[in-house]
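Reviewing the structure listed below.
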Amino acid sequence: MKTPPKSAWNPDRLDARAFAQAQGHLTLDTPLSRLPRLRDEADGDAPSLGSVHWETDAEMRPGATGAAPSPWLHLTARASLPLTCQRCLGPVDTPLEVDRWFRFVADEATAEAQDDDAEEDLLALEPRPSLYEVLEDELLMALPLVPLHGTCPVDLVHKAGDPGVADDDPPQRKNPFAALEQLKK
Ligand SMILES: [Zn+2]
């Protein structure tokens, strides 16, 4: 069988067996805003969400007891998600990392039946999985239970002060020489 071109792999509905037989590899950058369950975890005050950089590759491995070879898939991901610090309630950029292997079995019923005995994570070949959903599941599991700053930024406290104070202290011109430079032109 000829190896299909890289663009043939559809992460939304991956043909995991063909991907593993071809020792496929995918490198993707996905905006975190595309992962709705993860987006819901983000701090509402965070200016923007970045993207998750992820890679996946797969291979066929022999079965444990002379059984037919199974497709195995390796997923690694790196992202930084702004969560809500549970001490100061400000946004705290939290690094998330995923590095996990999955073994594919025929279907979801088989995955459920074998799940308790298997050390590795199991995925079903059919219906074809969305790697975006697998990725999102793993990132959600990588979230800390209690997001916290190492040291909370103190200026968050001062921002809540009397806004009238600002009127007594007009903003200073940043650089008086800049005005002179303008005049010279
Ligand atoms: Zn904090």
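The values are calculated or read from the model by the stated rules, or taken from the named source; none is laboratory data. Small disclaimer: the values here were computed from a predicted structure and weren't measured. All Cβ positions, even for glycine, are placed from backbone atoms using ideal geometry, and neighbour counts span all protein chains on display. Protein only, heavy atoms only, side chains kept; ligands, DNA and RNA dropped before computing areas. Shrake-Rupley method; radii C 1.70, N 1.55, O 1.52, S 1.80 Å.
The single residue among Leu14, Leu49, Leu32, Leu81 that is under 30 Å from Ala118 (Cα atoms) and not charged (D, E, K, R) turns out to be Leu14.
Here region 45-75 is the region considered, the condition is being touching a residue at least 24 places away in the same chain (Cβ under 8 Å) and either within 16 Å of the ligand (Cβ to nearest atom) or of a type in the set (Val, Ile, Thr) (or both), and the residue that is farthest from Glu126 (Cα to Cα) is Asp45. Taking residues in region 87-109 that are closer than 14 Å to Trp54 by Cβ and away from the ligand (no atom under 16 Å from the Cβ), and partners anywhere that are open to solvent by 70 Å² or more (accessible area, probe 1.4 Å) and in a strand (DSSP E or B), the pairs with Cβ atoms closer than 9 Å and at least 6 places apart or on different chains are Leu96/Arg78; Glu97/Arg78; Val98/Arg78. Restricted to region 76-86, and to residues there that are of a type in the set (S, T, N, Q) and near the ligand (Cβ under 10 Å from one of its atoms), the residue that is farthest from Ser48 (Cα to Cα) is Gln86. The residue list Leu28, Leu14 contains one member that is in a loop (DSSP other than H, G, I, E, B) and at pLDDT 95 or above, which is Leu14.
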